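See below for the structure under consideration.
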Amino acid sequence: NSGVISLLKPLLLDVVPTIQQTAALALGKLANYNDDLAEAVVKGDILPQLVCSLSEQNRFYKKAAAFVLRGVGKHSPQLAQAIVHCGALEMLVICLEDFDPGVKEAASWALGYIARHNSELSQAVVDAGAVPLLVLCIQEPEIALKRIAASTLSDISKHSPELAQTVVDAGAIAHLAQMILNPDAKLKRQVLSALSQIAKHSVDLAELVVEAEIFPVVLTCLKDSDEYVKKNGATLIREIAKHTPELSQLIVNAGGVAAVTDCIGSCRGTVRLPGIMTLGYVAAHSENLSMAVIVSKGIPPLCACLIEEHEDHIKAAAAWALGQVGRHTPEHAHAVAVANVLPTLLAMYMDTRSSEDLQMKASIFTKKALKNILQKCTHLPALEPLLHDAPPNILKHIVGQFSKVLPHDSKARRLFVTTGGLKKVQEIKAEPGSLLQEYINTINNCYPEEIVR
């Protein structure tokens with residue numbers, strides 16, 4: 001408000017180097033603070049001046065100038081575009097070749113903040129020739145530089161398969177994969193994130209990541225003391241599992257499902273989410289893979305998530321995953337049903353139906369999971385308690401299962417009477433001619449008329 005930005009601008013050209021650097025640092029801190037100030041720095045025509053002097057100045061000034069560019073570029077695609085406009089990318093890429101690791105780090109950081117916004121800006125960073133130099137930076141001895149370079153590669157890869165392919169073509173995967181065992185937690189976070197962003201786009205890219213022999217090494221990350229390493233490790237496994245049954249099978253063979261199951265059991269909150277999704281994706285592919293999740297004791301921690309977690313999206317993910325496990329055959333559904341999960345799912349569905357649209361998604365997932373499991377479930381003791389509480393749209397699936405099993409199972413028929421199930425069926429108001437009414441008639445036809453009465 002006091003017009004400081006216009007006062008700092010001439011100081012960037014001062015004859016005393018320390019004054020130049022300090023002025024640049026001050027501008028960087030202002031720009032970093034919020035987007036209005038960053039906007040003011042752009043409007044004050046400061047960027048072209050910074051870029052002009054970047055090439056001939058010393059390393060301290062280069063770091064400060066890159067700091068200003070990063071402060072401006074981080075806020076929005078429009079501000080990042082202003083940096084591209086004034087020709088800063090070429091200068092930043094030249095800084096990636098500087099002998100001083102601090103200059104490389106500052107440049108890499110600024111490029112990452114520009115690339116993370118969208119694929120156009122990311123493409124501009126690629127076109128300026130940054131990727132091969134960033135791959136060289138992750139091989140430098142300085143940990144801080146490795147971290148930022150890996151983070152920038154992650155930001156470039158995330159937008160599209162083509163951008164991820166550029167990073168792969170520069171040979172990044174092999175170097176990233178070697179760093180999964182690095183003792184530095186912050187570096188591991190970035191490395192796992194970069195590999196996830198590459199693997200997520202396509203089967204081919206996921207296979208390239210797997211071929212870098214990340215299994216079973218990556219499973220150690222699921223036991224890491226750092227929450228983000230755990231989460232990013234699980235995310236990487238999820239991005240591989242989702243593509244094909246073959247990739248999921250590979251994860252199962254490496255002991256990945258058991259490791260993910262342990263990971264879900266040992267943590268709380270959003271760290272669990274990628275692990276939950278991994279189990280769901282693996283189970284979704286085939287009966288055998290779903291059985292692998294059951295055998296690896298994947299069901300109890302998923303049930304625990306339904307009960308322990310408070311956030312709708314985590315509960316919904318757990319419900320979805322259980323639905324994927326239980327939807328294949330009666331045997332699969334039985335494994336889910338005996339974990340006493342159906343009443344919890346039903347209660348969740350009833351709960352989410354009544355509230356705001358925030359929970360619409362949770363409600364849809366839960367309903368689908370219930371339906372998936374119910375349509376295969378022939379374990380009647382698990383179904384019976386649901387007869388009393390289920391709303392009509394769920395009830396028809398439950399009654400449908402009874403109508404499939406009771407005609408062929410005399411022991412189940414007797415039990416159904418003594419536990420009051422048959423009585424409950426008589427109380428259901430079904431539309432004449434509806435599917436539900438047909439199911440009820442089928443059940444009633446299993447019994448002599450006086451019992452039904």
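The values are calculated or read from the model by the stated rules, or taken from the named source; none is laboratory data. Because the structure is a prediction, the values reported are computed rather than measured. Reconstructed Cβ throughout: ideal geometry from the backbone, glycine too, with neighbour counts over all protein chains shown. Remember, those area values only see protein heavy atoms, side chains included, never the ligands or the DNA or RNA. Shrake-Rupley method; radii C 1.70, N 1.55, O 1.52, S 1.80 Å.
One table, with the values for the structure above:
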{"quantity": "Residues (part of a helix (DSSP H, G or I), of a type in the set (A, V, I, L, M, F, W, C) and surrounded by fewer than 19 Cβ atoms within 10 Å (Cβ to Cβ)) located in the range 14-24", "calculated": "Ile19"}
{"quantity": "Ile294 vs. criteria open to solvent by 20 Å² or more (accessible area, probe 1.4 Å), closer than 26 Å to Lys231 by Cβ and under 22 Å from the mean Cα position of the chain (by Cα)", "calculated": "no"}
{"quantity": "Given (1) at negative phi; (2) assigned to a loop (DSSP other than H, G, I, E, B); (3) out of contact with any helix residue (DSSP H, G or I) (no Cβ under 8 Å at 6 or more places or on another chain), index of the condition Lys404 fails", "calculated": "(2)"}
{"quantity": "Matching residues in the range 53-70 - criterion: being hydroxyl-bearing (Ser, Thr, Tyr), touching a residue at least 40 places away in the same chain (Cβ under 8 Å) and surrounded by fewer than 19 Cβ atoms within 10 Å (Cβ to Cβ)", "calculated": "Ser53"}
{"quantity": "Residue that is least open to solvent (accessible area, probe 1.4 Å), among those in the range 410-443 that are under 18 Å from His379 (Cβ atoms) and charged (D, E, K, R)", "calculated": "Lys424"}
{"quantity": "Unmet requirement for Glu105, which otherwise passes all of (1) among the charged types (D, E, K, R); (2) assigned to a helix (DSSP H, G or I); (3) surrounded by fewer than 16 Cβ atoms within 10 Å (Cβ to Cβ)", "calculated": "(3)"}
{"quantity": "Of the criteria (1) in contact with a Gly (Cβ under 9 Å, 6 or more places away or on another chain); (2) of a type outside the set (Asp, Glu); (3) on the phi > 0 side of the Ramachandran plot, which one Ile148 fails", "calculated": "(3)"}
{"quantity": "Qualifying residue in the range 166-180 (condition: open to solvent by 40 Å² or more (accessible area, probe 1.4 Å), closer than 18 Å to Ile237 by Cα and part of a helix (DSSP H, G or I))", "calculated": "yes"}
{"quantity": "Selection count where residues are open to solvent by 30 Å² or more (accessible area, probe 1.4 Å) and either over 14 Å from Leu111 (Cβ atoms) or at pLDDT 95 or above (or both), scope the range 71-80", "calculated": "3"}
{"quantity": "Checking Leu387 against (1) open to solvent by 10 Å² or more (accessible area, probe 1.4 Å); (2) assigned to a helix (DSSP H, G or I); (3) under 26 Å from Gln426 (Cα atoms), the condition it does not meet", "calculated": "(1)"}
{"quantity": "From Leu50, Leu11, residue being open to solvent by 20 Å² or more (accessible area, probe 1.4 Å) and among the hydrophobic types (A, V, I, L, M, F, W, C)", "calculated": "Leu11"}
{"quantity": "One residue from Ile83, Ile5 being more than 24 Å from Gly102 (Cβ to Cβ), assigned to a helix (DSSP H, G or I) and of a type in the set (Val, Ile, Thr)", "calculated": "Ile5"}
{"quantity": "Failed condition for Cys446, given (1) in contact (Cβ under 8 Å) with a residue 12 or more places away in the chain; (2) assigned to a helix (DSSP H, G or I); (3) more than 18 Å from Val338 (Cβ to Cβ); (4) more than 44 Å from the chain's Cα centre (by Cα)", "calculated": "(2)"}
{"quantity": "Ala362 touching a Leu at 6+ places or on another chain (Cβ under 9 Å) and either hydrophobic (A, V, I, L, M, F, W, C) or part of a helix (DSSP H, G or I) (or both)", "calculated": "no"}
{"quantity": "Meets criteria (modelled with pLDDT of 90 or more, on the phi < 0 side of the Ramachandran plot, open to solvent by 30 Å² or more (accessible area, probe 1.4 Å) and over 34 Å from the mean Cα position of the chain (by Cα)) for Lys43", "calculated": "yes"}
{"quantity": "In the range 303-352, the residues that are modelled with pLDDT under 90, open to solvent by 20 Å² or more (accessible area, probe 1.4 Å) and among the polar types (S, T, N, Q)", "calculated": "Asn340, Thr344"}
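Yes/no matrix, rows are residues, columns are (1) of a type in the set (S, T, N, Q); (2) within 21 Å of Ala128 (Cβ to Cβ):
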{"site": "Leu7", "(1), (2)": "no, no"}
{"site": "Gln20", "(1), (2)": "yes, no"}
{"site": "Pro48", "(1), (2)": "no, yes"}
{"site": "Phe60", "(1), (2)": "no, no"}
{"site": "Lys74", "(1), (2)": "no, yes"}
{"site": "Ala88", "(1), (2)": "no, yes"}
{"site": "Val93", "(1), (2)": "no, yes"}
